[in-house]
Amino acid sequence: MRRLLVPLAALFLAAPPLLARQADPVLERIKEEGMERSQVMEVYGALTDAIGPRLTGSPAYHEAVYWVGERLEGMGLSTEVDPFEFGRGWTLEGFTLEMTGPYYDPLTAHPEAWSPSTEGVLEGVPVYVGDLSAAEIRAMAGRLRGAIVLPFPPQPAFITEDRPQPTEHDEPVDIGAPGFIRPQGQIPRNEVADLMREVGAGAYLRPDQGQHGTLFVLGSRNTPDDAAPSVVLSGEDYNRLVRMLQMEVPPRLRLEVRTRFHTDDTDAYNILAEIPGTDPALAGEVVMAGAHLDSWHSSVGATDNADGVAAVMEALRILQAVGVRPRRTVRIALWSGEEQGLLGSRAWVEEHQDELEDVAFYVNQDIGGGRTYGLYLQGNQEAAPVLDGWTRNLQDVGARRNVAATIGSSDHVPFDQAGVPSFSTVQDYRDYDVRTHHTNADAFERVREEDLRQSAVVLAGLLYQAAMAERALPRKRPASQQGGG
């Protein structure tokens, strides 16, 4: 019979603090292994430089699944590849955007994911319609057909500050990503793509909030096959083109986008691995760490989220290397489709509803880059005393403290909504919002080796303590059962 986990908050709060005990020698060996004999850079380097961008459904993503699976099995771990229906994949096979007159300049730009190809090479003066209404643009359809179109007003400002680091403030701070700075024309932003398709634009460009050539590049897997190709252009370059047109110094552009859709395999894949529990009474319970293996496509997805994947895999390797015999089963999950809406973790939670009562702890590594300082507690205040104790046991390797706030934008969310004690790590945010998150600058150099080692040790320490704890953490009620008196 499955052991039913229930909130035991009163017993838990009355128990002696777990932190009063002496240092755990196994925890000390975990720190030594992770800091002195780390293999985290082997994983990080393979994902970023060798495999590169890992857009869900792309051949590169599938290559990452195979590589990770072989790596985990090479550690002697039991692994499982978990498919779910996703849809067509996409890759960029060639791209050029350059200004050829009145002087030459290669422009800083990148196509959006799932954009179709252009019909060959487009050349000519772009047409600016950023100040017009939809009706006025439709009236210009003859001029816009096959043209390079600038459908947005100039970029009004640039993002210059990252979100605050909550572990550096005693008072609560805004924990989410800064809002996007977007030009506001007469046409709602979400209607521009359909309008460009309707008038038959050859391609359209949109400006971006990143400064110094930083591009925030996403895309929609639901883009129609006959959509107008879409390209993100640096705000500085976009604004220059508009100014040149207004000065009647028309810029001439050459643009080509070559892409491929992949329909042979429309599944996406999560990959999981575990160390079985050894306590007959607790082995059926599971403590988990997760990170998403997919990335966007304009760079190699270093801070989002190769660093998280490398740290999670290294955490499991550390536990294996020091010979931990966990009471509970320790599992890691590397998710797909996070960038398209937490698709992989949602699919897994939906498929394994009958197993969720046995998931005693889930921690997710995604939001931020570099060092790990603590946990977002997701409002689970009853669990705070134990979690605070676990984090204090890791302060000598750079952990700081936990944060009571809830952050709602990664793969811990489906677990949290299902009532599983689920948490997101608090990581470093330096240059994350302004420079690396979903950008063309999310490169290998954005993360330091010492920070990756530290993150892996913190994760391993949390998993170890969760696996060995006498009692399970208190559980929140599932979202469907909360509220309403």
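The values are calculated or read from the model by the stated rules, or taken from the named source; none is laboratory data. Just so you know, these numbers come straight off a predicted model, no measurement behind them. Quick reminder, even Gly has a Cβ in these numbers, built from the backbone with ideal geometry, and neighbours come from all protein chains shown.
Just the residues that are within 24 Å of residue 347 (Cβ to Cβ) and outside any strand (DSSP E or B), please, taken from the stretch 277-292.
Within the stretch 277-292, 284, 285 qualify.
Each row is one residue, and each column tells you yes or no for (1) modelled with pLDDT under 95; (2) part of a helix (DSSP H, G or I); (3) buried (at least 23 other Cβ atoms within 10 Å of the Cβ).
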position: 396; (1), (2), (3): no, yes, no
position: 405; (1), (2), (3): yes, no, no
position: 415; (1), (2), (3): no, yes, yes
position: 434; (1), (2), (3): no, yes, no
position: 456; (1), (2), (3): no, yes, yes
position: 463; (1), (2), (3): no, yes, yes
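Please tell me if residue 235 is in contact with a Gly (Cβ under 9 Å, 6 or more places away or on another chain) and outside the structural domain of residue 49 (by TED's automatic domain parsing).
yes
Identify the residue in the stretch 66-102 that is acidic (Asp, Glu) and outside any strand (DSSP E or B) and, among all such residues, is surrounded by the most Cβ atoms within 10 Å (Cβ to Cβ).
73
Can you tell me which residues in the stretch 45-72 are free of Cβ contacts under 8 Å to residues at least 60 places away in the same chain and out of contact with any Phe, Trp or Tyr (no Cβ under 7 Å at 6 or more places or on another chain)?
Result: 50, 60, 63, 66, 67, 70.
Is it true that some residue in the stretch 439-447 is over 30 Å from residue 109 (Cβ atoms), of a type outside the set (Asp, Glu) and in the same structural domain as residue 331 (by TED's automatic domain parsing)?
Checked the stretch 439-447: no residue is over 30 Å from residue 109 (Cβ atoms), of a type outside the set (Asp, Glu) and in the same structural domain as residue 331 (by TED's automatic domain parsing).
Would it be correct to say that residue 467 is at pLDDT 95 or above, of a type in the set (A, V, I, L, M) and farther than 22 Å from residue 31 by Cβ?
On the way: at pLDDT 95 or above: yes; of a type in the set (A, V, I, L, M): yes; farther than 22 Å from residue 31 by Cβ: no.
No.
Please state which one of 349, 363 is closer than 18 Å to residue 455 by Cβ, modelled with pLDDT of 95 or more and not acidic (Asp, Glu).
Answer to the selection: 363.
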